[in-house]
Amino acid sequence: MNLLTMLVNSIGKAAADATYQPGALQPWVDEVESKVAAEGKFSKMEVLYLPFSPPPVFWDYKCKKCRWWQPPNGCKTVEGEISPGAWCAIWVPPSTYKAFTWMQELIKGEW
C-alpha cells in the first residue's frame, strides 16, 4: 500500500460513503484489517503518523475519533503509543461518527 492510495481510500471513500455512495468505505476497512491480521500493524512511518490532525472538513480527524482508536493511547492498526490528537493516512471515522458533527462538538465544547 502506498501513501497516496491510503489517503485516497481513507478520506475519499469515507467522504463518498457519507454523502453519495453508502458502503464505499467498507472494502477499504476490510483491506486494512486483513493486512494487519496477515502482516501486523503498520509502522507510524508507513502511514505518515503526525502528532497533530489536519483541520476538520467532513470530520474532526483526530486519532481519538478514528474507527481503530484504542484508549488511552493505542490503535488497532498502527504500532506504538498513539496520541489522541494525532492523525495518520489510514484515519477512518467510526460507523457511528456522522459527517459534519464536529461543528456541533465544537459549539458544545466537546471538540
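Over the C-alpha trace of the chain, radius of gyration and Dmax come out as 13.3, 42 angstrom. Within straight-line reach of residue 44, meaning a Cα separation under 14 Å, sit the following aspartates and glutamates at least 8 residues removed in sequence or on another chain: 79, 81. Between residue 99 and residue 5, the modelled labels are 2.5 nm apart [label points 7 Å from Cα along Cα→Cβ].
Distance from the alpha carbon centroid of the range 40-110 to that of the range 4-39 works out to 14 angstrom. A simple rule links phi to the HN-Hα coupling: the Karplus curve 6.51 cos²θ - 1.76 cosθ + 1.60 with θ = phi - 60°, which for the range 21-35 gives 9, x, x, 5, 7, 4, x, 5, 4, 4, 5, 5, 5, 5, 4 Hz, with x for Gly and Pro.
Rule-based calculations on the coordinates, nothing more; no lab input. Just so it is clear, the structure is predicted and the values come from calculations on it, not from any experiment. Heads up, the Cβs are rebuilt from the backbone with ideal geometry, glycines too, and the neighbour counts pull from every protein chain shown.
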